[in-house]
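Heads up: the structure comes next, in structure tokens.
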Amino acid sequence: MNGAQILIECLKREGVEVMFGYPGGQVLPIFDALYEAPFRFILTRHEQAAAHAADGYARATGKTGVCLATSGPGATNLVTGIATAYMDSIPMVAITGQVKTFLIGNDAFQEADVTGITRPITKHNYLVKDIKELATVIREAFHIANSGRPGPVVVDIPSDIQLAQADFVWPEKVEIRGYKPTLFGHPGQIKKAAKLIAQSKKPIIYAGGGVIISGAHEELIELAEKIKAPVTMTLLGLGAFPVDHDLSLGMLGMHGTAYANFAIMESDLIIAVGARFDDRVTGRVDSFAPGAKVIHIDIDPSSISKNIEVDIPIVGDAKNVLGQLLEEITGPADTGEWLKKVQMYKTRHPLSYKHTDNKIKPQYIIEQLNDLTKGEAIITTEVGQNQMWAAQWYKYIHPRTLISSGGLGTMGFGFPAAMGAKMGCPDKTVIDIAGDGSIQMNIQELATCVCNKINVKVVILNNFYLGMVRQWQELFYKKRYSHTCITGPDFVKLAEAYGAVGIRVTEIKEVRPALEKALAIDNTVFLDFHIEPEENVFPMVPAGEAINKMIGGLA
Amino acid sequence: MKHTISVLVENKFGVLARISGLFSARGYNIDSLAVGETEDPSVSRMTIVVNAADERILEQIKKQLNKLIDVISVLDLTKKKHYDRELIMAKINFSKTLEPKISKITKRLPVKIIHRNKDSYVIEAVLDQEQAKDLMASLEEIGIKELARTGRIALEP
């Protein structure tokens, strides 16, 4: 077999169902082998979209997403997608072609130092210089990508290696001496944590993306109900705990609910599970939850005590550790008074917006979307106001139903990620909640959707602004709207030009019928909602403030 | 405070770049870094001297190092019994008047003169940290033309 055929055989054995990518000179042998591949290949219209699609597939299914690009510009176009996956701990294997081994370092045509460029944005990367290593490298790449704290792995394969001949030898086991993730919590730490929980009068569970990654949502519900503690989630944690549950406080942080922020600030114990105390969550660190002790459960030791001091660190897989904790905890703590107070916050400071009869509010659109899909759809988002409204107003009740670039905050992510999610979950309704700015960053993927009959819906919250930046300019830069007023194409005509369906909505009474119509159409649909242009995302914690110092939207 | 960290890594191309990239990306300062093969040719030892402002940064450095797939083990020698040495080579000024000062140094410290020019000497010394400080201070008085240091290496007894 040649290297390219070995690669395809390895991907098959790793259970790859679909691969996203784009051809080029230094991956011709791989594309030749793909001609007979036993899995689907989706040709995107830009390599960045291939990476985001692989990412969306991985987030929707939990399986490793795979993308492929040629050397040089093909590989550098993947970079934003790889960095996006890295920041959010998404399992991905990105395969790139490289110039022939003897040309490496010669500034050859379409040469780039891909392992060098991707080193700080991958969990690990490889340059394959010997055909005999190829199968082992692919096996290791998949193992590293989807174990421990997941992340992207790049495998750079020179084109002469793709053509080199070797016997196919499949390594049955992967042994990497420097890589042994800790999966179970230390029993001593579990005991200490249980003791602290038993003493706590005002506990709060702070759940992040790690809960979803490890599949620990059921254990999380069990824990919350057993110890009678409210649960707040990070952006990537949404879906880990049903937001319609009595104990749910929804999202916390910069655009979180007021009650979540009040509650965590007042708590006496934070049980952090698979979350990393990101600056968007803590606000000003030195005034974050001053009276709280912290139990921090995370599979990545370097996430613990990085941003805030932790009292009881527990390194391990969230599902395992919560299971261990559940066995150790005897009964509910006395949290009655606390829950009453939290409930008071919920009643007094709900999420809100001013409904008007003549202007379309973005929050209203998402409420209607939630009502029509009953929380059963997969929502992807772009980045900016659309992302925060999607986080606040759609009611996530299942894990893996919100797919959003949290860490890197990548505009242009949502649409290709929706394609990937739809490929992974063909029976689910997949909706990208977008802004008119973000959607233009990967709009060429309309062709990919139509050509491959990947039926996704794109809800464009069109305010003719780069809304989140405009909001900051309004609030902190004296309304000097420097280069945030943005024009777009006629989205309806554009969708039609690609063979998709476009629907424009300018009247509030058309919102629901348009959504109903779009959901019923068996094609990709662009919904161009002309919304109130200067609507803001509230509540909001100004950068550098304590998270209970919210502005706006407090009833 | 300065810490001596001994890191065993896979002896593969690109590993040094991973380590140095980690330090620069996260804004940690490396005082010195020395790499060499160990008794197992597939393993290299890196002895890294870092200047960490507080415990938390030091903890992060160790954890981030451990997170690298090619890193096999990370050992902070600072609070453990260990021996550390550094090889220092220097080209120093020489003249008749400087000679007594130079011989004073070679008597006090294990310093060897390995080359003699008309107006300069090349010396070498394998020293621990205190001796190195001592030597550097003494050489300053004589005048250093060129200096090469390997950085610290260390072992537990």
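The values are calculated or read from the model by the stated rules, or taken from the named source; none is laboratory data. All values reported here derive from a predicted model rather than from experimental measurement. Note that each Cβ is placed from the backbone with ideal geometry, even for glycine, and that neighbours are counted across all protein chains shown.
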Subject >> Failed item, numbered, when B:Phe23 is tested on (1) in contact with a strand residue (DSSP E or B) (Cβ under 6 Å, 6 or more places away or on another chain); (2) surrounded by fewer than 17 Cβ atoms within 10 Å (Cβ to Cβ); (3) of a type in the set (Phe, Trp, Tyr) >> reply: (2)
Original post:
Do you know which of the residues in the range A:159-209 that are more than 14 Å from every other protein chain (Cβ to nearest Cβ) and of a type in the set (S, T, N, Q) is surrounded by the fewest Cβ atoms within 10 Å (Cβ to Cβ)?
Top reply: A:Gln165
Original post:
Taking the range A:46-71 only, how many residues are out of contact with any Asp or Glu (no Cβ under 6 Å at 6 or more places or on another chain), of a type outside the set (S, T, N, Q) and more than 26 Å from A:Gly239 (Cβ to Cβ)?
Top reply: 3
Subject >> Leading residue by the ranking (nearest to the other protein chains (Cβ to nearest Cβ)) among those in the range A:312-332 that are of a type outside the set (A, V, I, L, M) and outside any helix (DSSP H, G or I) >> reply: A:Pro313
Original post:
Just for the range B:118-157: of the residues that are touching a Pro at 6+ places or on another chain (Cβ under 9 Å) and in a strand (DSSP E or B), which one is farthest from B:Lys80 (Cα to Cα)?
Top reply: B:Ala125
**OP:** Any residue in the range A:289-304 that's assigned by TED's automatic domain parsing to the domain that holds A:Ile213: show its pairings with residues that are part of a loop (DSSP other than H, G, I, E, B) and of a type in the set (Val, Ile, Thr) at Cβ separation under 6 Å, as long as the two are six or more apart or on different chains.
**Re:** A:Val294/A:Val310; A:His296/A:Ile304; A:His296/A:Val310; A:Asp298/A:Ile304; A:Ile304/A:Val310
Subject >> B:Ala52, sole failed condition from (1) surrounded by 14 or more Cβ atoms within 10 Å (Cβ to Cβ); (2) within 12 Å of chain A (Cβ to nearest Cβ); (3) farther than 24 Å from A:Thr122 by Cα; (4) of a type outside the set (Val, Ile, Thr) >> reply: (2)
Original post:
Listed residues A:Phe538, A:Phe476; which is of a type outside the set (Ser, Thr, Tyr) and in the same structural domain as A:Val456 (by TED's automatic domain parsing)?
Top reply: A:Phe476
Subject >> Single condition B:Tyr28 does not satisfy, out of (1) more than 14 Å from every other protein chain (Cβ to nearest Cβ); (2) farther than 27 Å from B:Pro157 by Cα >> reply: (1)
**OP:** Would you mind finding the one in A:Asp311, A:Asp246 that is modelled with pLDDT of 95 or more, in the same structural domain as A:Gln199 (by TED's automatic domain parsing), among the acidic types (Asp, Glu) and out of contact with any Leu (no Cβ under 8 Å at 6 or more places or on another chain)?
**Re:** A:Asp246
Original post:
For the range A:440-537, list the helices (runs of 4 or more DSSP H) that sit wholly inside it and hold at least 2 residues that are over 27 Å from the mean Cα position of the chain (by Cα) and either among the charged types (D, E, K, R) or buried (at least 21 other Cβ atoms within 10 Å of the Cβ) (or both); which are they?
Top reply: A:491-498, A:511-520
**OP:** State which residue is surrounded by the most Cβ atoms within 10 Å (Cβ to Cβ) when the search covers only the range A:426-439 and only residues that are out of contact with any strand residue (DSSP E or B) (no Cβ under 6 Å at 6 or more places or on another chain) and not hydroxyl-bearing (Ser, Thr, Tyr).
**Re:** A:Gly437
Subject >> Among (1) more than 12 Å from chain A (Cβ to nearest Cβ); (2) touching a His at 6+ places or on another chain (Cβ under 7 Å), the one test that B:Lys2 misses >> reply: (2)
Original post:
In the range A:98-109, which residue that is in a helix (DSSP H, G or I) and either within 17 Å of B:Lys12 (Cβ to Cβ) or not aliphatic (A, V, I, L, M) (or both) is nearest to the other protein chains (Cβ to nearest Cβ)?
Top reply: A:Thr101
Original post:
Inside the range B:58-87, can you point out the residues that are more than 10 Å from chain A (Cβ to nearest Cβ), out of contact with any Ser or Thr (no Cβ under 8 Å at 6 or more places or on another chain) and either among the acidic types (Asp, Glu) or closer than 15 Å to B:Asp31 by Cα (or both)?
Top reply: B:Leu58, B:Arg85
Subject >> Unmet criterion (only one of (1) buried (at least 24 other Cβ atoms within 10 Å of the Cβ); (2) outside any helix (DSSP H, G or I)) for A:Gly81 >> reply: (2)
Original post:
If A:Gly188 satisfies every condition in (1) within 22 Å of A:Leu7 (Cβ to Cβ); (2) at pLDDT 95 or above but one, which is the exception?
Top reply: (1)
Original post:
Among the residues of the range A:371-423, which ones are of a type in the set (Lys, Arg) and surrounded by fewer than 24 Cβ atoms within 10 Å (Cβ to Cβ)?
Top reply: A:Lys374, A:Lys395, A:Arg400
Original post:
Failed condition for B:Glu156, given (1) within 14 Å of chain A (Cβ to nearest Cβ); (2) in contact (Cβ under 8 Å) with a residue 60 or more places away in the chain, with all others met?
Top reply: (1)
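Say whether the condition of being in contact with a Pro (Cβ under 6 Å, 6 or more places away or on another chain), modelled with pLDDT of 95 or more and away from chain B (no Cβ under 14 Å) is met by at least one residue in the range A:271-288.
Within the range A:271-288, not a single residue is in contact with a Pro (Cβ under 6 Å, 6 or more places away or on another chain), modelled with pLDDT of 95 or more and away from chain B (no Cβ under 14 Å).
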**OP:** Take the range A:135-150 and flag every residue that is in contact (Cβ under 8 Å) with a residue 40 or more places away in the chain, over 20 Å from A:Gln5 (Cα atoms) and either away from every other protein chain (no Cβ under 14 Å) or surrounded by fewer than 24 Cβ atoms within 10 Å (Cβ to Cβ) (or both).
**Re:** A:Asn146, A:Gly148, A:Arg149
Subject >> From A:Lys123, A:Lys132, residue being farther than 25 Å from A:Pro23 by Cβ and more than 14 Å from every other protein chain (Cβ to nearest Cβ) >> reply: A:Lys132
Subject >> Residue satisfying condition, being of a type in the set (Gly, Ala, Ser), within 29 Å of A:Ile117 (Cβ to Cβ), away from every other protein chain (no Cβ under 14 Å) and surrounded by 17 or more Cβ atoms within 10 Å (Cβ to Cβ), within set B:Ala90, B:Ala34 >> reply: B:Ala34
